[in-house]
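**Q** Quick one: the structure is below, questions incoming.
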Amino acid sequence: MTEFQAISDLIREDPYLKPFEPVLLRRQEAIERRRRELTGGDITLEDFASGHEYFGLHRRGDSWVLREWAPNASAVYLIGDFSGWREDPALALSRISDDGVWELRMPADALHHEDLYRYRIHWPGGGGDRIPAWTRRVVQDPESLIFNAQVWAPPEPYRWRHPGFRAAATPPLIYEAHVGMAQEAEKIGTYREFIDNVIPRIVDAGYNTIQLMAIQEHPYYASFGYQVSNFFAPSFRYGPPEDLKALIDEAHGAGLRVLMDLVHSHAVSNEVEGLGRFDGTTFQYFHEGPRGIHSAWDSRCFDYGKNAVVHFLLSNCRYWLDEFGFDGFRFDGITSMLYLHHGLGTAFTGYEDYFGDDVDEDALVYLALANRLIRRIRPDAVTIAEDVSGMPTLASPAEVGGVGFDYRFAMGVPDFWIRLTKDTRDEDWTMGHLWYELTNRRREEKTISYAESHDQALVGDQTLIFRLIGAEIYERMRAEDDSMAVDRGIALHKMIRLLTLSTAGHGYLNFMGNEFGHPEWIDFPRPGNDWSYRYARRQWHLADDPGLKYHFLRDFDREMLALASRFRLLGAEEIRLLYEHNEDKILAFQRAGLIFVFNFHPERSFPDYPVPAPTTVDRLHMVLDSDAHRFGGHSRLAPDQIFEASASPAFGTRQVYLYIPNRTALVLAPK
């Protein structure tokens, strides 16, 4: 297919793109031109993206080989335990190319497993210690808190029990998780604890995908993993690299795909631990001057126009796929990458915002190449764009001129739920507004919806359950307690999550613990909380205790996911509004042959309420009732009811007459 034909297909799907056809064509030409420039026409993109096998420290036969790119350096020394942390002429790297590649070859007995090391780099006018950019292992001394690279050469390599895993081609039901806070003790959790304690919960809950946060090494734990220092090193905090492989292997054995939260949108500013001034310049990996600084994040911005930077980042994509068996990536901070203003203070009200001079087309080209690379290496891999701007074509296939992500997050959905639950009384919720916000998306691109993620749970914000219940969540969650606030919160929590899932485009996400209404925010250890781990953990016992109400929410979440899987809900493209009545707070729609009925009214229940029924269905079976006792409801409906559809001359349609209790959601299936 020619580029012109591909762009024509995009415009056919979205006619509003027509005025920007020249820009779309230019972008496609730039992607192809950059690919040819990188590969020279002699190698594949996959071969180009193998820098991790050349740079860094490697055992090759009976010797060690160390290579680094530092174009401004005048001298580079390897220092470590083995040299007394002093410069040794025998451990000086030699410059082997004009573009600044340095190399050192050593005999096999020069380094040993778990030796600590770093570089001492000299440059015109100065010098300093640096951790190698391509290192695969970094550790922190618990007393001095100093970070160093570590030789990692265990005598036995990890033996995969499920090599060649390929996930079933089903819509992703994502369990977003952070290994360190995925346990109850006030400490940092480990990969092994995650295997033993969390993976079984994820399987039991009905999710088919794990999205792991904070895997790339980051010097500050409280950054939630978003201030990356060492892009090729899995964080030491949770255990050795083999334990991360075991986690992924165990997940694969349970049929779960594992995605990594990949941070290529920026890098930590640290100089010794990170890339901030690696070879003495601030612009080796990043833009020079103010453009190289992300003022809102206090971090550094990659220069995606440099071939060496693209080489580094593409190799990073391939490394995590090849070495650890990840099944894809959620690319963090796409909006920040795509725009020179990083999306700050921008409303994105028209298509002009997506095709103007503020777009960093080098970043867009990099993202397109990353998606092409990932697809070539793992055709079944999943890539997700975290973009709040709504840029068209991000999740359109490369074959039709798109950037190539499989999915994009529907980031407006959680923002909508926050605004609604925070600022609007229940009785003022507008059904038409609900419907619009939850179904307003680009039909030609696949989306993943969620009611809340880790973003909404961070300190300074509130989870949905806390926003709905308030302080009574600490005092009135025993099974025998009566509380109007708790009843309201539990009822709306179930309805919000079911409505979000049932209107989701092609996937659904939940942050760990939110499925059962974890009561507290996330606050990592920091000076402001006396370095406490109290809020950087998950209290799983709350959902396991039958004497508390949390298990009602967990059980409902499990049931609604089972329903979605059973009826292939997220594979059904068509979603049809059947009925909305704002005064009654009733919303009804059809999808995948199911009828969803929601009564958001805070007080009124409706007997014999007419809801339109499909013309081809005579009988409907109630397959889910959020008001059931086993979900913490009031059991106002008899279970497993069958409803007869009948003609309604007054409305000219067939109707099914339902008793719809207040703050209740029902799901009906053809009998």
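**Q** For segment 116-133: of the residues being in contact with a helix residue (DSSP H, G or I) (Cβ under 9 Å, 6 or more places away or on another chain) and assigned to a strand (DSSP E or B), which is farthest from Phe55 (Cα to Cα)?
**A** Across segment 116-133, the extreme among qualifying residues is Leu116.
**Q** Give me a count of the residues in segment 184-202 that are open to solvent by 10 Å² or more (accessible area, probe 1.4 Å) and either part of a loop (DSSP other than H, G, I, E, B) or of a type outside the set (A, V, I, L, M) (or both).
**A** Applying the first criterion (open to solvent by 10 Å² or more (accessible area, probe 1.4 Å)) to segment 184-202 yields 184-188, 190, 192-193, 195-197, 200-201.
Retained after the next criterion (residues that are either part of a loop (DSSP other than H, G, I, E, B) or of a type outside the set (A, V, I, L, M) (or both)): 184-188, 190, 192-193, 196-197, 200-201.
The number of residues fulfilling the criteria is 12.
**Q** Follow-up. Tally time: how many residues in segment 214-266 are open to solvent by 20 Å² or more (accessible area, probe 1.4 Å) and in a loop (DSSP other than H, G, I, E, B)?
**A** The number of residues fulfilling the criteria is 7.
**Q** Now for a different question. Going by the conditions given, is Leu369 over 30 Å from Ile522 (Cα atoms), modelled with pLDDT of 95 or more and under 20 Å from the mean Cα position of the chain (by Cα)?
**A** yes
**Q** Looking at segment 48-59, can you tell me whether even one residue there is under 22 Å from Glu361 (Cα atoms) and of a type outside the set (Val, Ile, Thr)? Can you show your working first?
**A** Step one: filter segment 48-59 for residues under 22 Å from Glu361 (Cα atoms), giving 48-49.
Narrowing further to those that are of a type outside the set (Val, Ile, Thr): 48-49.
Yes, segment 48-59 contains at least one residue that is under 22 Å from Glu361 (Cα atoms) and of a type outside the set (Val, Ile, Thr).
**Q** Which members of segment 405-419 meet the condition of being free of Cβ contacts under 8 Å to residues at least 60 places away in the same chain, open to solvent by less than 10 Å² (accessible area, probe 1.4 Å) and under 18 Å from the mean Cα position of the chain (by Cα)?
**A** Residue satisfying the conditions is Pro414 alone.
**Q** Related question: Based on this model, can you work out whether Gly571 counts as within 18 Å of Leu594 (Cα to Cα), open to solvent by less than 30 Å² (accessible area, probe 1.4 Å) and within 22 Å of the chain's Cα centre (by Cα)?
**A** So Gly571 fails the test.
**Q** Can you pull out every residue in segment 425-480 that is among the β-branched types (Val, Ile, Thr) and either under 16 Å from Ala504 (Cβ atoms) or within 29 Å of the chain's Cα centre (by Cα) (or both)?
**A** Filtering segment 425-480 for residues among the β-branched types (Val, Ile, Thr) gives 430, 439, 447-448, 459, 463, 465, 469, 473.
Thr439, Thr447, Ile448, Val459, Thr463, Ile465, Ile469, Ile473, listed by residue number.
**Q** Based on what the data block shows, is Arg330 assigned to a loop (DSSP other than H, G, I, E, B) and buried (at least 22 other Cβ atoms within 10 Å of the Cβ)?
**A** no
**Q** Being touching a residue at least 24 places away in the same chain (Cβ under 8 Å), surrounded by fewer than 20 Cβ atoms within 10 Å (Cβ to Cβ) and assigned to a helix (DSSP H, G or I) is the filter here, so list the residues in segment 346-379 that pass it.
**A** Tyr351, Asp353, Glu361, Asp362, Arg372, Arg375, Arg376, Ile377, listed by residue number.
**Q** In segment 574-603, what residues are free of Cβ contacts under 8 Å to residues at least 60 places away in the same chain and under 28 Å from the mean Cα position of the chain (by Cα)?
**A** Those that are free of Cβ contacts under 8 Å to residues at least 60 places away in the same chain and under 28 Å from the mean Cα position of the chain (by Cα): Glu574, Ala592.
**Q** Would you check which residues across segment 283-292 are open to solvent by less than 60 Å² (accessible area, probe 1.4 Å) and either closer than 12 Å to Lys306 by Cα or under 29 Å from the mean Cα position of the chain (by Cα) (or both) and list them?
**A** Gln284, Tyr285, Phe286, His287, Gly292
**Q** Do you know which residues across segment 125-138 are out of contact with any Gly (no Cβ under 7 Å at 6 or more places or on another chain) and either free of Cβ contacts under 8 Å to residues at least 12 places away in the same chain or not basic (Lys, Arg) (or both)?
**A** Listed by number, the residues that qualify are Gly125, Gly127, Gly128, Asp129, Ile131, Ala133, Val138.
**Q** Take the residues of segment 82-118 that are farther than 13 Å from Pro132 by Cβ and among the aromatic types (Phe, Trp, Tyr): which is most open to solvent (accessible area, probe 1.4 Å)?
**A** Across segment 82-118, the extreme among qualifying residues is Trp85.
The values are calculated or read from the model by the stated rules, or taken from the named source; none is laboratory data. These numbers were taken from a predicted model, which means no experiment stands behind them. Note that we place each Cβ from the backbone using ideal geometry, even for glycine, and neighbour counts take in every protein chain shown. For the accessible areas, the whole protein counts, side chains as well, though only heavy atoms, and no ligand, DNA or RNA atoms are used. Shrake-Rupley method; radii C 1.70, N 1.55, O 1.52, S 1.80 Å.
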